[in-house]
Amino acid sequence: MKPNITPLARERVRRDEDFIVSKTDAKGRITYSNRIFMEFAGYAEHELLGVQHNIVRHPDMPRAVFKMMWETLQSGREFFGYVKNLASDGSYYWTFANVTPTRDEQGKTIGYYSVRRKPRADGVRFFTELYADMLATEREAGPRSAIDVSRRLLQDTYQNQGTSYEEFVLAL
Ligand SMILES: Cc1cc2nc3c(=O)[nH]c(=O)nc-3n(C[C@H](O)[C@H](O)[C@H](O)COP(=O)(O)O)c2cc1C
């Protein structure tokens, strides 16, 4: 069950050497969490194992970002992205995430692996603004077209620079 947490304007700042690592099964349920993840998210290991990874989902994150993440993973590619997460005490922490599918010998996806490093300050500033615009667009558009319009906003951003999404986030 996802806990009901009130988000606060309080940031947990990452140390340069911190890597937040987690693994999930094919359905996105957590199967492994390193100590840094437990520390930042503010949960004990037994509270995380077997639980959906949206336990740390922050309401400031647009839906379109996770849609894109899952589409990328399901097509067998790795995903990079700036993600704002919610800790159990309501504080938040920004990460730059790399999520990869884990496959068995037959090539079937059996889970996912995510490593998150401290994000660049410029990237956080940029995505704080862009995600706020995307979220506002999602709310205005209503549930049916929310993701399409929000995604267009994101697409316009990197296409205007003549790059792909991946080149764009990696360059920030
Ligand atoms: C390996 C892996 C790591 C993930 N890490 C995060 C994360 O740090 N924060 C987050 O909000 N969602 C993360 N997700 C995505 C969640 O599973 C979920 O799709 C997202 O939180 C949106 O939840 P919702 O569909 O309930 O809104 C991760 C998924 C996988 C497979």
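Each residue of the stretch 27-37 in turn: what ³J(HN,Hα) in whole Hz from Karplus with 6.51, -1.76, 1.60 and θ = phi - 60°, glycine and Pro shown as x?
Karplus values, whole Hz, x for Gly and Pro: 9, x, 8, 5, 10, 7, 9, 7, 4, 5, 4.
Within the stretch 45-107, which trypsin sites (Lys or Arg not before Pro) sit in a loop by DSSP and count at most 13 neighbouring Cβ atoms inside 10 Å?
Within the stretch 45-107, the qualifying trypsin sites (Lys or Arg not before Pro) (loop, at most 13 other Cβ atoms within 10 Å) are Arg77.
Would you grab the residues whose amide H sits under 5 Å from the one on Ala87? Only those 5+ places off in sequence or on another chain, please, with H modelled 1.01 Å from N.
For Ala87, whose amide H was placed from the backbone, the distant partners under 5 Å are Tyr92, Tyr93.
Would you mind calculating the gained length between Glu166 and Arg152 on full extension (0.36 nm times residue separation, minus the Cα-Cα distance), in nm to one decimal? Working shown, then result.
Details: separation 14, 0.36 × 14 = 5.04 nm, distance 1.55 nm.
The Glu166-Arg152 span can extend by a further 3.5 nm.
Which percent of the accessible heavy-atom area of the stretch 43-163 goes to carbon and sulfur, probe 1.4 angstrom?
In the stretch 43-163, the share of accessible area belonging to carbon and sulfur is 47 percent.
Determine ³J(HN,Hα), in whole Hz, for all residues of the stretch 66-77 in sequence, where each value follows from phi through the Karplus function 6.51 cos²θ - 1.76 cosθ + 1.60 and θ = phi - 60°; x replaces Gly and Pro.
Karplus values, whole Hz, x for Gly and Pro: 6, 4, 5, 4, 5, 5, 4, 5, 5, 8, x, 9.
Sum -39500 (n - 2.57) across every DSSP H segment of at least 4 residues in the chain, then divide by the residue count to get the 222 nm mean residue ellipticity, nearest 500.
Helices in the chain give a 222 nm mean residue ellipticity of -11500 deg cm²/dmol.
Please return the longest range in the chain lying between exposed loop sites, taking GluC sites (Glu not before Pro), DSSP loop only, at most 12 other beta-carbon atoms within 10 Å, and leaving the sites out.
18-104
Fully extended, how many nm does the chain gain between Thr109 and Ala9 (0.36 nm per residue separation, minus their Cα-Cα distance)?
Gain in length upon complete extension: 32.3 nm.
Can you tell which of Val51, Asn85, Leu172 lies farthest toward the positive end of the dipole of the chain, using +1 and -1 charges on the Cβ of basic and acidic side chains (Lys, Arg; Asp, Glu)?
Val51
In nm, give the distance between the simple-model label positions of Ser88 and Phe126, each being 7 Å from the Cα along the Cα-to-Cβ direction.
Placing both labels 7 Å along Cα→Cβ, they lie 3.5 nm apart.
Averaging sequence separations of C-alpha pairs under 8 Å and six or more residues apart, then dividing by the length of the chain, give the relative contact order as a whole percent.
24 percent
Less than 17 Å apart at the alpha-carbon level, and either on another chain or at least 8 residues along: which lysines does that give for Lys67?
Lys27, Lys84
The values are calculated or read from the model by the stated rules, or taken from the named source; none is laboratory data. The structure displayed is predicted, hence computed values, not measured ones. All Cβ positions, even for glycine, are placed from backbone atoms using ideal geometry, and neighbour counts span all protein chains on display. Please note that ligands, DNA and RNA were not included when accessible areas were found on the heavy atoms of the full protein model with its side chains. Shrake-Rupley method; radii C 1.70, N 1.55, O 1.52, S 1.80 Å.
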